[in-house]
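Okay, structure first, notes after.
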Amino acid sequence: MAIGKPEEIRPDAVMHRVGGGTVDNLRLSAIEEVLTPPGISVLLGGTPQAAAAQMRQAFPRSQKWHATAYTVGTTTAAALRQTGFEIVPDPTARFPNHARLVHPDGAASFNAANLAKLAQMFENTTED
Amino acid sequence: MELAQHTFCLIDAEQRWIGEVEIDHITHNLIFGAFVPGPDFPAVAEIFQKFEAAVNVQALSVVDELDAEIATLGLRLCLPDKTQCVNVYDIQIWHDGTITCRPGDSSAMLGNGLQKFSANGQPMEMAHLKSH
């Protein structure tokens, strides 16, 4: 499926980063550095709990997401755009609400300083 | 073909014996089982290793690409004598020896099966996208 354009996502759109909106969990992985454009996955809409549930349902035997999917970072498109990052729709077969968090200047801009600003825009929710 | 409580061979479209699947239970059309690699598993192991790595770093667009690659294998669960087989899709084989898959054709995942993966089983809210 084709990646969309930033203007397709409203400023007030809510998005979730499963695992939390921390600097460590917002870094580009080696796999994501080579994407075009480089970016990390977020889930649009709904609640933090629904985003975590989506991950658990999609990967029912994943040890990783059954252990850590209880913390979810939530922000809006407008908030992350304030930090210089951007968000584009990137629907997948499993996740029709999938989007990619990118930076106009590419992978190098996922640096510690920028990620620290970005992380401040997330509110983390942890399930009991 | 009754799937529950059976052991099946996992065969691909090239008739390669990928492994053996001992079905543990089936919930909401999702098969849970134990996977024992067969003689031809090394030929496809890398795809599933990449899949697990992409899942672990939440690279969901890469997961999507690997899903498509796995679908092209044309995997089926067959009785040991291969007299009966059932197509499966959404096959996930993990390093700990577990497997999940769904009976049916992969088009269910790429077409009208999308909503099966929506949160809480509900149609996905897409109001965050601007209308054109």
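Only the coordinates and a few stated rules stand behind these numbers; no lab work does. Just so you know, these numbers come straight off a predicted model, no measurement behind them.
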- [ ] Name the shape class, rounded, prolate or oblate, that the alpha-carbon gyration tensor gives for the stretch B:6-79, where a ≥ b ≥ c are the square roots of its eigenvalues, rounded holds for a/c under 1.5, and otherwise prolate holds if a/b is larger than b/c and oblate otherwise.
- [x] oblate
Task: In degrees, nearest ten, helix A:48-58 long axis to first principal axis of chain A (Cα) - done: 70
TODO: Rounded, prolate or oblate: pick one for the protein assembly as shown, where a ≥ b ≥ c are the square roots of the eigenvalues of its C-alpha gyration tensor, a/c under 1.5 means rounded, and failing that, prolate if a/b is larger than b/c, else oblate.
DONE: prolate
Task: Over chain A, relative contact order from alpha-carbon pairs under 8 Å, at least 6 apart, % - done: 37
Open item on the list: Need one word for the stretch A:14-122: rounded, prolate or oblate. Basis is the Cα gyration tensor (sqrt eigenvalues a ≥ b ≥ c); a/c below 1.5 gives rounded, then a/b vs b/c decides.
Closed with: prolate
Open item on the list: What are the ³J(HN,Hα) couplings of the stretch A:119-124, residue after residue, when phi is run through the Karplus curve with 6.51, -1.76, 1.60 and θ = phi - 60°? Round to Hz, x for glycine and proline.
Closed with: 4, 5, 7, 9, 9, 9
Open item on the list: Please list 3J(HN,Hα) in residue order for the stretch A:104-113, calculated via the Karplus relation 6.51 cos²θ - 1.76 cosθ + 1.60 where θ = phi - 60°; whole Hz, with x for glycine and proline.
Closed with: x, 9, x, 4, 4, 7, 7, 9, 4, 5
